[in-house]
Amino acid sequence: WDMKSLHWDGLRIPLLTAAEGSKIVVTSRSETAAKIMRAVPTHHLGTLSPQDSWSLFTELAFPNGHSSAYRQLEPIGRKIVDKCQ
């Protein structure tokens, strides 16, 4: 990826049509990428433990913060958390 915002519109614009109540978490090690994606508010985080990362992800990605009702999605979520560190 480069940092030209035109290239990022292909990723960002479809997210604008998400259903009401949807949550989109943008993670990046690049401040520029966060600005291009218009991620507001921005939080600068240090490295989280794997347990804390999973806890944050489940809180934001699953209703009531529980992945138990979505067991089929948990492996995908865990891969996302692992990749994002």
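Applying a DSSP loop filter and a limit of 11 other Cβ atoms within 10 Å to the GluC sites (Glu not before Pro) in the range 1-74 leaves GLU20.
For q = 0.22 Å⁻¹, what log10 I(q)/I(0) does the chain give under the Debye formula with an equal point scatterer on each alpha carbon and no solvent? Once normalised to I(0) and log-transformed, intensities are -1.24.
The simple spin-label model puts a point 7 Å past each Cα toward its Cβ; for TYR70 and GLU20 those points are separated by 2.0 nm. Mean sequence separation of contacting Cα pairs (under 8 Å, at least six apart), scaled by the length of the chain, corresponds to a relative contact order of 27 percent.
Here, each number is a calculation from the coordinates, and none is a lab measurement. As the structure is a computational prediction, the values presented were derived from the model and not from experiment. Ideal geometry is used to build each Cβ from the backbone, glycine not excepted, and the neighbour counts take in all protein chains shown.
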